[in-house]
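Input: a single structure, listed below in C-alpha cells.
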Amino acid sequence: MLSSFFNVAHAEEIVNPLKATTISALIHDILNFFYGITAGIAALAVLYGAFLLLSSGGREEQVTKGRNTIAYAMIGIVGVTVAVGLVGLVADILGK
C-alpha cells in the first residue's frame, strides 16, 4: 500500500502567480501598485480638503484645515512620484 503511494513520481508544475520573472520586474510591479494606491488616497484627500473649504462657512480654522489638507496631499503625491522616478533612474543606471 505504501509502495503505491511513494511510487507516484510524476511532478506537477508549479504555476507562477506573478507576472514578473525577475526581481527587478517584481520590484517595479510592487512600486506601481503602491503608486496607484497612493494616488487614490491623495485624490481622496484633495476631495476632502475641497469639501472642508466649501463647507467652512467663513470659519478661518476650517479654511486653514482644508488648505493644509490639499497642500499635504499634493506634497505627498509629489514625494511619491519623485521616489518612484528615483528608483527607476537607479534601476536604469545599474542596468536593471
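Return the Rg/Rh value of segment 20-94, two decimal places, where both radii are evaluated on C-alpha atoms and Rh is the Kirkwood radius. Before the final figure, lay out each step's value.
Working: Rg = 16.9 Å, Rh = 14.0 Å.
So for segment 20-94, dividing Rg by the Kirkwood Rh gives 1.21.
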- Query: Nearest 10 degrees, 0 to 90: what angle lies between the long axis of helix 23-54 and the longest principal axis of the chain (Cα atoms)?
  - Reply: 30
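Suppose only helical runs count, i.e. DSSP H with n ≥ 4. What mean residue ellipticity at 222 nm does that imply for the chain under -39500 (n - 2.57) per run, divided by all residues and rounded to the nearest 500 deg cm²/dmol?
Details: 3 runs with 72 residues, N = 96.
It comes out at -26500 deg cm²/dmol, rounded to the nearest 500.
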- Query: Relative to the longest principal axis of the chain, what angle (0 to 90°, nearest 10) does the C-alpha long axis of helix 60-94 take?
  - Reply: 40
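We did not get these values from a lab; they are worked out from the coordinates using the rules stated. All of these numbers come straight from a predicted model, not from anything done at the bench.
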